[in-house]
1. Can you pull out the residues in the range A:246-256 that are more than 9 Å from chain B (Cβ to nearest Cβ) and either free of Cβ contacts under 8 Å to residues at least 40 places away in the same chain or within 16 Å of residue A:63 (Cα to Cα) (or both)?
2. What number of residues within the range A:229-264 satisfy the criterion of being closer than 22 Å to residue B:275 by Cβ and not in a loop (DSSP other than H, G, I, E, B)?
3. Does residue B:128 satisfy the criteria of being facing chain A (nearest Cβ under 10 Å), in contact (Cβ under 8 Å) with a residue 40 or more places away in the chain, among the small types (Gly, Ala, Ser) and assigned to a helix (DSSP H, G or I)?
4. One residue is enough: does the range B:167-178 have a residue meeting the conditions part of a helix (DSSP H, G or I), among the hydrophobic types (A, V, I, L, M, F, W, C) and closer than 22 Å to residue B:372 by Cβ?
5. Could you list, in sequence order, the residues of the range B:299-329 that are surrounded by 19 or more Cβ atoms within 10 Å (Cβ to Cβ), among the small types (Gly, Ala, Ser) and in contact with a Lys or Arg (Cβ under 9 Å, 6 or more places away or on another chain)?
6. Restricting to the range B:250-288, and then to whatever is touching a residue at least 60 places away in the same chain (Cβ under 8 Å), touching a Ser or Thr at 6+ places or on another chain (Cβ under 8 Å) and part of a helix (DSSP H, G or I), can you tell me which residue is farthest from the other protein chains (Cβ to nearest Cβ)?
7. Please tell me if residue B:222 is among the charged types (D, E, K, R) and buried (at least 18 other Cβ atoms within 10 Å of the Cβ).
8. When you scan the range A:82-97, how many residues do you find that are without any contact (Cβ under 8 Å) to a residue 24 or more places away in the chain and either crowded, with 16+ Cβ neighbours inside 10 Å or not basic (Lys, Arg) (or both)?
Amino acid sequence: MWALLLLTPAFVSLASVSFYPIVNGLYLSLTNTSLITQEQGFTGFSNYVELWGDPQFWNAWWHTMWFTAASTVLETVIGLGMALILCEAFKGRGLVRAAMLVPWAMPTVVTSKMFGWLFDGQNGIINYILLHAGLIDQNVNWYGSTDTAMITIIIADVWKTTPFMALLLLTGLQTVPNSLIEAARMDGAKGWITFWYIRLPLLMPTLLIAGLFRALDAFRVFDLVYVLTGGGPADSTETLSTLSYKVLFSTLQFGYGSAVSTAMFVTEGLIALVFCLYLVRQIRRAG
Amino acid sequence: MTDMKKRPTAAPKPVGHVTIADRRQFLIGSAGLLGAAAFGAGTSLGIGRARAQSRAEISFASAAFFGKETFGDLIKAFNESQDRVLVKNIELPPPSSSTEVYQGLVQQLARRTGTPDVFSQDVIWIAGFAAAGWALPLDEYFPADKRGAYFTGTLNACTYGGKLTALPWFMDSGMFYYRKDVLEKHGGKVPETWADMATIAAAAQKAGDIDFGYLWQGKQAEVLVCDAVEIITSNNGAILAPDGKSSLINQKGAVEAIQFLHDTIATGKISPQDVLSWDEEPSRQPFTSGKAMFMRNWSYVYPIAQDAKASQVVDKVGVAPLPSFPGGKSSACLGGYQLGVNANSKQREAAIELLTWLSSTETQHRIALNFGLAPTRPALFQDAQIKKEQPFMASLEKVFTGATARPITPEYAKVTLALQSGISKALVSGNVQAEMDALAAQIDKIVG
């Protein structure tokens, strides 16, 4: 009894900041609540029916999935490379490790503005370099073209978040016992073999957890899109976060907006499930 | 969602948040208020308090504009000017965070408690507030014969369902910037039709006088709707039918106009492809650095163009009404904040008194001089002091006469998102008719 009582504060605070908003969001998604029309009636699943047939939603859904997949894979691969380098002993390693984290420590809005200038169609340094290197014959309009806008946003995200991945993977690499690597070397294994048969398998759980974090985080991408393109041109960079922001806060349709958010929640749940299944399989195999 | 947001000269564009500078200014302001309150309490213990109690207490909410003074100072001046009404100023975020201002107002109005009694609103919110029953119809206080002193376009934007639900306060609109020196070499006459504009722009570009003929704003954002309203109206087209229940955006007038915008990039090549990702500031920069001949933008650009530290084109820039199509009339998208009274206000008489004072000739005069915000009363543009201190503003009367409201509908927030997406698609793909058909169907579903 006493123990339960002691748990109450923690339970109440968790319930009020975490459980209640989720339940309330779910409830709102079943109503036609709108601040503008002042309606607040229960409408069952009609929001979800509308959502299912809403091309704007599916457009944003695919963009979000594409962004999540591309940025997670790139960040994992590049981050792993960085982690492997930083794992080796060399002069000034501490400094490099600290410096590497700078992009990640920057506020995303600052990163967005910075990339806005770097990739500016007229005065951007990226165009300048590519033009002078002879790789392009005229300025590329990075954010104004449906072909390149999303790719540019992905590049910005990779630049910003790869250090975070590298850091997570570095800690994973450091748990791989040195004795195993020494033993492999004595048996005549070269660098690549050591990596492929010893480090990578032992790193797998960390890799999956880091990938899961990253994928769930990437799925919520908002600031980069909001600052750089606002979802344009022609909806080609609209993601679920920017769409739900527009529906919720510009048009104040809390009902339909909550349905969009719930759909995000469900998709994220599915992504997490896939990662967890792999993770469990990994652990079982290791055990 | 605002048009006035870039007013602070060369300030970085805040992104949906209050900037540090704003916050600091706010803190200084509130510290000042606290001090003033303490001082006031000290001095008003005697006779002052007895008088204050008999005054009707109301509140006023507005986005926070800054100039030589603040709206807080304005309200203070009103409180001191008479002894019947005492107004409390509720400061909302600055106009650059207009989504937050909108949310703040909606939340308060939806409670129907009568607070704030008087508020200012972006022109595009008027219809929504009126349809929700939050804005008091003002016809009985300002009958038709009293309204002649305001610009017609602004009055139209303040009218919903045949009723005046807002009172004009201050305004801005789209306008046509041109380079006087370059134009001199190419005929010297400011183009009045879009076709002439395109011809001159192409010639100047070909002659190497400038890099870009014409700059406008094609980013998928509110400003794209403004650019579209202007060019569509100047071709006798419209986005919504007069009754507001169906869309005309796939009709000839509108389609031709959007096609023209598309062609400035695709065939005429007088606009760089970059305009598709540019809003106000990115399009302003090449113009004030002397790279462009013509530009559509708001009034905030002029002071920057005349600032030698930020501009290569000091004294070389002229402003005119935007061109039109043959048979059409020049049109300028209306922006600005207008006044409204809360329908649930318990102090109607006092609220009307404040409203009348805020929109009066004297107060608009003061706002023009101290905030640089243009009056909605045409007569003030002839005022000697305004002409002397704000000569550019005084020259805008002709531009503002063509001011046109964006679609007047309570569903504006949904309509504008559809317009931004649909027009952006048309501009990118070039399938203007097909995209406009799809857009019209979508808008019909929203407003029908």
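1. If the condition is that a residue be more than 9 Å from chain B (Cβ to nearest Cβ) and either free of Cβ contacts under 8 Å to residues at least 40 places away in the same chain or within 16 Å of residue A:63 (Cα to Cα) (or both), then A:248 is the only one that fits.
2. Going residue by residue through the range A:229-264, those that are closer than 22 Å to residue B:275 by Cβ are A:229-238, A:242.
Among the residues that remain, those that are also not in a loop (DSSP other than H, G, I, E, B) are: A:242.
Qualifying residue count, the range A:229-264: 1.
3. Details: facing chain A (nearest Cβ under 10 Å): yes; in contact (Cβ under 8 Å) with a residue 40 or more places away in the chain: yes; among the small types (Gly, Ala, Ser): yes; assigned to a helix (DSSP H, G or I): yes.
In short, yes.
4. Taking the range B:167-178 and keeping what is part of a helix (DSSP H, G or I), we get none.
Looking through the range B:167-178, none of the residues is part of a helix (DSSP H, G or I), among the hydrophobic types (A, V, I, L, M, F, W, C) and closer than 22 Å to residue B:372 by Cβ.
5. B:299, B:305
6. It comes out as B:257.
7. Details: among the charged types (D, E, K, R): yes; buried (at least 18 other Cβ atoms within 10 Å of the Cβ): yes.
So residue B:222 passes the test.
8. Matching residues across the range A:82-97 total 8.
Since every read-out is calculated from the coordinates, none of them should be taken as a lab result. Remember, predicted model here, so these are calculated numbers, not experimental data. Ideal geometry is used to build each Cβ from the backbone, glycine not excepted, and the neighbour counts take in all protein chains shown.
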